[in-house]
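One structure is given here, and the rest of the page talks about it.
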There are 2 protein chains.
Amino acid sequence: MCEANAYLRTEEGEELVLEAVDRVLPHEEGLLLEDIFGRRKIIRARISELALVEHKIILERD
Amino acid sequence: MCEANAYLRTEEGEELVLEAVDRVLPHEEGLLLEDIFGRRKIIRARISELALVEHKIILERD
């Protein structure tokens, strides 16, 4: 599978938000993350960086 | 490998920008895309959506 883990970058470092993320979609409150099992999480953030071979999605607060 | 293909969403549909993308980084002119071979492309766009199981990164013009 080609999922990635989503991290929120903060001043303290990177905080894991959701593992095994498949989809990231725009949402009125920020982003909708959906993992490979269909579990969803909404977060007020934007996608900052991707490092897919490392399975990382880096999010930042708007 | 867990790379994805980057597409630019336009009014006409989705246009392939770069295959086998590993990294996407912020750049002063938009985004810097780097594929798994280290080839780079800069595009004035932002990340709109991800569908990683489908190996898709969807970009949109700012």
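Annotations
- q = 0.19, 0.21, 0.27 Å⁻¹: log10 I(q)/I(0) that the Debye formula gives for chain A, counting C-alpha atoms only: -0.61, -0.75, -1.21
- When chain B is described by a simple charge dipole with +1 on each Lys and Arg Cβ and -1 on each Asp and Glu Cβ, the residue from B:Thr10, B:Ile57, B:Leu32 located farthest towards its positive end is B:Leu32.
- The Cα center of segment A:22-62 and the Cα center of chain B differ in position by 15 Å.
- Qualifying aspartates and glutamates (Cα of each under 18 Å from Cα of B:Lys41; at least 8 residues distant if same chain): A:Glu49, B:Glu3, B:Glu14, B:Glu15, B:Glu19, B:Asp22, B:Glu28, B:Glu29, B:Glu60, B:Asp62
- Cleavage-rule hits (GluC sites (Glu not before Pro)) in chain A: DSSP loop, at most 14 neighbouring Cβ within 10 angstrom: A:Glu11, A:Glu12, A:Glu28, A:Glu29, A:Glu54
- In Å, descending, principal axis extents of the Cα set of the protein assembly as shown: 30, 30, 29
- Summed side-chain charge close to A:Leu8 - residues other than A:Leu8 whose Cβ falls under 9 Å, Lys, Arg +1, Asp, Glu -1: -1
Read-outs: derived from the displayed coordinates by stated rules, not from any lab. Everything quoted here is computed from the prediction, not taken from an experiment. Cβ sites come from the backbone with ideal geometry, for glycine too, and all protein chains shown count toward neighbours.
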